[in-house]
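Worksheet: the structure to be examined is printed underneath.
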Amino acid sequence: MIRFENVSVTYDGAAEPALRDVDFTVPEGELVLLAGPSGVGKSTLLGAVSGLVPHFTGGTLRGRVTVAGRDTRTHKPRELADVVGTVGQDPLSHFVTDTVEEELAYGMESLGLPPEVMRRRVEETLDLLGLAALRDRPLATLSGGQQQRVAIGSVLTPHPRVLVLDEPTSALDPAAAEEVLAVLLRLVHDLGTTVLLAEHRLERVLQYADQVALLPAPGAAPVLGAPADVMAASPVFPPVVALGRLADWSPLPLTVRDARRRAGDLRERLEGREPLSNIHRPSAPTTLAPPARRRFRRPPPIPPAPAPPGEARSLAVRRAGVQALRHVDLTVVPGETVALMGRNGAGKSTLLGAFVGLVEPSAGTVRAGGLVPYRTPPRELVRRVGLVPQEPRDLLYADTVAAECTAADRDARAAPGTCRALVSELLPGIADDAHPRDLSEGQRLTLALAVVLAARPPLLLLDEPTRGLDYAAKARLVAVLRGLASAGHAIVLATHDVELAAELAHRVVLLAEGEVIADGPTAEVVVSSPSFAPQVTKILAPQKWLTVTQVWEALR
């Protein structure tokens, strides 16, 4: 169905090809997972299938890519639209209408399908993706995860023979991700649809893949094979594979179920041992008792306790007629990392927005370092709180990475080179003269994070910080955030990445319909939740292990 014949892609002005010597075939009716570190060319490879490369991106494509017999070099994307459906990393860039139902119908209208067929397919897709309650909602009012589901639905309704998806589950909560993947699997098995899917969160997708196409390094030829064979030598792999490597299991397990069947001996070795937490929970600030009174002398006054970096009390927010938050109480102390979790639309991004003054409470109070965010001038607020949003491009406006970093250092009054050093630490290899729009989603997020971190704000907020990051980049991010927490910064993460929460968070706060439904230590909250438990927890239950690192520490 998809054939790559000695394909190389070189962008204008680039010293090296983004893709080199790609030569493999994706058979009809298979789900092929495209894996590899950030920046190795996965999005470029997907763009070559849909015709976006080189017709819209520019550059030079050598070799030949055919989809259902059509050469993508001679067929523009609109001439492939009846065969190929594409979902990119940024759903907003794909939307052309105003509401959910209109967006689902647009692709079919472009192909001239009969109205009765369009109506039936829209209803089926609304049900398949859990969007029925949102059918009349304006797209701009949806959460990032809800927008992602609409984007996926908009390419499903025309019933293409090939689906090309770039990080389709990155903005979805665990339950929604499983629903989307179940839909894709049904299309593959029942309708013979061919799916080529790039994803960094391999723990979500690996078990569904018929084959894995691994791009091991920039410019390296891909390796195509069975998932277990490719994972045995892959530089990127999910926790279930990492645990299998640690326990020397062969063949490597790809699912929690397979790993649980082999984990009996490992559980026996771990019996009686307690997980060594790699997260040291900070203590809340306390007020010292005054010294004993001396006769005829007034005791010295007790200094007031400093305001916490972030505090919300009975916070309620109403946005676009929707009650986004209800009676939320949350206090974050210095050195603490809190993970906000919950399904898409639960209110996580709204809560972060309240801390930086993007939304005004309809009831209750919110403060950042004692300041009321929506009443504080941005120049003053930036020294108290920084937000890395879901869409990193909202923070980036310069023409080069170097210019972004120079501006960030100047605005933060930081030493020259501070921002650039953070970029190099988080994701090495980003060139100074690269334009931010030409970076991958993960690279743009890294740059935006470095821009915010240059000011080293006492309260750091991150909205889905691991979108587009591979496991190595995520590990570097965890190391940076741990260092900031150790230095006294308070960190709040809105995330669907359960593995990130297990590695990093002292505390997990679960939101549902704008309300806090659970708030406690990470081990207690995630272990009791089937949806938000990490893979290691599921494999080794009832023992309460969270990460492969904890298991490794206990066994060595």
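Selection of first residues in region 108-130 that are polar (S, T, N, Q) and of second residues that are in a helix (DSSP H, G or I) and open to solvent by less than 70 Å² (accessible area, probe 1.4 Å), restricted to Cβ pairs under 8 Å at least 6 apart or on distinct chains, gives the following pairs, ordered by first then second residue: Thr125/Leu104; Thr125/Gly153; Thr125/Leu156.
The residue that is farthest from Thr400 (Cα to Cα), among those in region 13-26 that are more than 29 Å from the chain's Cα centre (by Cα) and in a loop (DSSP other than H, G, I, E, B), is Ala15. Listed by first and then second residue, the pairs with beta-carbon distance under 9 Å, at least 6 apart or on different chains, first residue in region 532-556 and within 24 Å of Leu172 (Cβ to Cβ), second in a loop (DSSP other than H, G, I, E, B) and of a type in the set (Lys, Arg), are Thr537/Lys544. The number of residues in region 346-404 being open to solvent by 50 Å² or more (accessible area, probe 1.4 Å) and part of a loop (DSSP other than H, G, I, E, B) comes to 9. Check region 99-116 and report whether any residue there is part of a helix (DSSP H, G or I), in contact with a Leu (Cβ under 9 Å, 6 or more places away or on another chain) and within 26 Å of Gln207 (Cβ to Cβ). No, that holds for no residue.
With respect to Arg467, determine if the residue is basic (Lys, Arg), more than 16 Å from Val332 (Cβ to Cβ), open to solvent by less than 50 Å² (accessible area, probe 1.4 Å) and touching a residue at least 60 places away in the same chain (Cβ under 8 Å).
yes
Taking residues in region 414-435 that are open to solvent by less than 20 Å² (accessible area, probe 1.4 Å) and modelled with pLDDT under 90, and partners anywhere that are among the basic types (Lys, Arg) and in a helix (DSSP H, G or I), the pairs with Cβ atoms closer than 7 Å and at least 6 places apart or on different chains are Leu426/Arg476.
Can you list the helices (runs of 4 or more DSSP H) found entirely within region 169-259 that contain at least 3 residues being among the charged types (D, E, K, R)? Write out each step before concluding.
On the way: elements: 174-191, 202-205, 227-231, 239-247.
So the answer is 174-191.
Screening Val333 against (1) out of contact with any helix residue (DSSP H, G or I) (no Cβ under 9 Å at 6 or more places or on another chain); (2) open to solvent by less than 10 Å² (accessible area, probe 1.4 Å); (3) more than 22 Å from Asp497 (Cα to Cα) leaves a single unmet condition, (2).
Can you say whether Arg73 is outside any loop (DSSP other than H, G, I, E, B) and more than 19 Å from Pro168 (Cα to Cα), as far as the supplied structure shows? The answer is no for Arg73. Those strands (runs of 3 or more DSSP E) of region 428-523 in which at least 1 residues are of a type in the set (D, E, K, R) and closer than 28 Å to Gly345 by Cβ, considering only elements entirely within it, cover 459-463, 507-512, 515-521. For region 129-168, a residue qualifies if it is surrounded by fewer than 24 Cβ atoms within 10 Å (Cβ to Cβ), outside any loop (DSSP other than H, G, I, E, B) and among the hydroxyl-bearing types (Ser, Thr, Tyr), and exactly one does: Thr141.
The values are calculated or read from the model by the stated rules, or taken from the named source; none is laboratory data. Just so it is clear, the structure is predicted and the values come from calculations on it, not from any experiment. All Cβ positions, glycine included, derive from the backbone under ideal geometry; neighbour counts span all protein chains shown. Heads up: the accessible areas ignore ligands, DNA and RNA and are worked out on the full protein's heavy atoms, side chains in. Shrake-Rupley method; radii C 1.70, N 1.55, O 1.52, S 1.80 Å.
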